[in-house]
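Throughout, read-outs are computed from the coordinates displayed, never taken from laboratory work. Note that the coordinates shown come from a computational prediction; the quantities given were computed from them, not determined experimentally. Glycine gets a Cβ as well: all are built from the backbone with ideal geometry, and neighbour counts include every protein chain shown.
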Amino acid sequence: MRTKGSAAELEQRRRIAARLLEGGMKPIRVAEVLGVSPAAVTRWRQAWRKGGEEALAAKPHPGGKRRMTPAQLGRLARLLLKGPRRHGYATELWTLARVAEVIAVHFGVQYHPGHVWKILRSMGWSCQKPKRRARQRDEQAIARWRRDHWPRIKKRPTWRPRHCVY
């Protein structure tokens, strides 16, 4: 599991460990001081001995750079909150393909619809499908039916205390 902190913070911790080890402190004590495992300190010491200070430097993150900036993601969220109909779609349902089209039109960035969910998840959005309900649905009539008729129809009678006779 990756420890918390930015790449610069983690690099700084490795450099502090190297200075403490150079000063003669034992790896176990360095681990206690920095709040890391002794195995991590041992790995850092080996890297430091092999490659010096450069070996403790932060490594670049693998993969390509993001194609949308945080400001663009914020703008995308505002666009999506306006609803699909404002963008020319017939229904009020966002699909991954529709979101990909909005991104392409407004930001000029092409995403495969299958990867759009990663963007939405990073924005804190989740997959939700609207419940199918009839337009003429009457909530009050349904509540009345559940209260008045359902208890009479259901298979089990309501619980009643029983008298035991011995």
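Descriptive notes on the structure:
- Total residues in the stretch 98-136, condition exposed (fewer than 11 other Cβ atoms within 10 Å of the Cβ) and assigned to a loop (DSSP other than H, G, I, E, B): 15
- Answer residue from the stretch 54-73, given it is assigned to a helix (DSSP H, G or I) and surrounded by fewer than 12 Cβ atoms within 10 Å (Cβ to Cβ) and is farthest from the chain's Cα centre (by Cα) among those: GLU54
- Entry remark, the stretch 14-47: residues being surrounded by fewer than 17 Cβ atoms within 10 Å (Cβ to Cβ) and under 22 Å from PRO62 (Cα atoms) number 2 in total.
- Residue pairs meeting the criteria (Cβ under 8 Å; at least 6 apart or on separate chains; first assigned to a loop (DSSP other than H, G, I, E, B), in the stretch 34-51; second not aliphatic (A, V, I, L, M)): VAL36/THR3; VAL36/ARG13
- From THR95, THR3, residue being farther than 22 Å from ARG121 by Cβ, surrounded by fewer than 14 Cβ atoms within 10 Å (Cβ to Cβ) and under 23 Å from the mean Cα position of the chain (by Cα): THR3
- A single member of ALA77, ALA90 is free of Cβ contacts under 8 Å to residues at least 12 places away in the same chain and over 21 Å from SER6 (Cα atoms), and it is ALA90.
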